[in-house]
Structures are given as C-alpha cells and as structure tokens.
Amino acid sequence: MIIVMYSLTFPQRGIWLSEQLCPETTFATIACLVQINLKVNLDLLEEAINELIKYNDNFRFKFLEENSEGCQYVSEYVKFSIKRVNLSNRDNKFIENYIRELTDTTFELINKDLFYFELFDFGNETFGYYFKYHHLVGDAYSCISATNFIMNAYNQLEQGKILNIPCDLS
C-alpha cells in the first residue's frame, strides 16, 4: 500500500494543537449511545458498522507527527471485531457508569484508530450500540450521519439486499 500523507485542515490544526497542550483528556471525544427497541441480529449490526468504516474514509484516518506538525493518511480497511456486552441484568446506574468509563478512555493519536464501537444487549428485546470517535475525524453531525448509515445498512442487510447507501459524513 502506498501511503499518501495529507496536511491537517485548519480546524484539525486547532484540535491537534489543543491535544498537544492538554494531552490525555477527552475534550475532543464525541460519543453516542443508540438504543434499538426491537430484536436485533447483532451479527448484521456488526456488519453494518463495518460497512460504515469501510466506505467512510474519516473513520480510517490515521495521524502522524512530522517536523512537529500533525499530518494524516487514510489507512486500508480492515474488518473490525466489535465487543458485545450483555447488560440485561444490570441497572441503569451500572450502565451509566459503564458508558462514562468508555467515554472517559482517551484515544492515542499517533497511528491508531480514532473510533471505538461496542454492541449491547439490554434485555427485553432491546439492543443497541455505543460509539465514540475523536473530533479530528468527525463532528456532531457525523454522529447523526453515521447512525443513519448504520441503521439503513442494517435494514438492507436484514432484507438480504445489496447495500446501496451513500456515505457522506462530512
């Protein structure tokens, strides 16, 4: 694979600088919890999430530092195995604390994935997923677009259709 390096955008430069000044914080973490109140095939949901990662370069951006400047490249797609957690016998306080711990875990910026997903079984035919990503690779609008993409992809996969979903999270 030939790696093509790109300069950071102006907004990314500000985030990058803030990370250099205040490392090991979660100020640039965007997190989302999606609850689905019907029975879900977690294998298909995982496949839908992988389709998002596959077709959206933002989730595959990796960052390096050269000459004290941040730069980025798009990594090749690699299928992700997503952790599944059964929360069916847990109370809301436990779930809240669990989600807070996930969100409070910082990202390593250099040459690492800047996103994270988990799948949940909440019990009583209620399922969901959690995801977070670093603001270097997306914004709040990206969270809404990603959720729409995942649910549309899931519905198409569940119906046995070939995926036909535009993926523009910019």
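Observations on the structure shown:
- One residue stands out in region 52-67 among those that are polar (S, T, N, Q) and either assigned to a helix (DSSP H, G or I) or within 20 Å of ALA140 (Cβ to Cβ) (or both): the one that is least open to solvent (accessible area, probe 1.4 Å), namely ASN56.
- The requirement of being modelled with pLDDT under 95, surrounded by 18 or more Cβ atoms within 10 Å (Cβ to Cβ) and not in a strand (DSSP E or B) is not satisfied by SER170.
- Residues (acidic (Asp, Glu) and open to solvent by 70 Å² or more (accessible area, probe 1.4 Å)) located in region 1-24: GLU24
- Cβ-Cβ contacts under 8 Å between residues 6 or more apart (or on different chains), taken from a first residue in region 57-75 that is among the aromatic types (Phe, Trp, Tyr) to a second residue that is buried (at least 17 other Cβ atoms within 10 Å of the Cβ) and part of a helix (DSSP H, G or I), are listed as PHE59/LEU52; PHE59/ILE53; PHE63/TRP16.
- Within region 68-159, strands (runs of 3 or more DSSP E) holding 1 or more residues that are among the small types (Gly, Ala, Ser) and surrounded by fewer than 16 Cβ atoms within 10 Å (Cβ to Cβ): 115-123
- So VAL85, is it farther than 24 Å from GLN159 by Cα, aliphatic (A, V, I, L, M) and out of contact with any Cys (no Cβ under 9 Å at 6 or more places or on another chain): yes
- Residue satisfying all of: in region 86-102; over 21 Å from GLU46 (Cβ atoms) and polar (S, T, N, Q); nearest to the chain's Cα centre (by Cα) among these: ASN97
- Of the residues screened, PHE27 is not one that is crowded, with 16+ Cβ neighbours inside 10 Å and assigned to a loop (DSSP other than H, G, I, E, B).
- For region 32-49, the criterion of a residue being under 23 Å from LEU136 (Cα atoms) and either among the polar types (S, T, N, Q) or in a loop (DSSP other than H, G, I, E, B) (or both) is satisfied by no position.
- Candidates THR26, THR9, THR103 - the one that is closer than 18 Å to SER142 by Cα and touching a helix residue (DSSP H, G or I) at 6+ places or on another chain (Cβ under 7 Å): THR26
The values are calculated or read from the model by the stated rules, or taken from the named source; none is laboratory data. Bear in mind that the values here come from a model prediction, so they are computed numbers and not experimental data. Please note: Cβ atoms are built from the backbone with ideal geometry, for glycine as well, and neighbour counts cover all protein chains shown. Note: areas computed on protein heavy atoms with side chains; ligands, DNA, RNA excluded. Shrake-Rupley method; radii C 1.70, N 1.55, O 1.52, S 1.80 Å.
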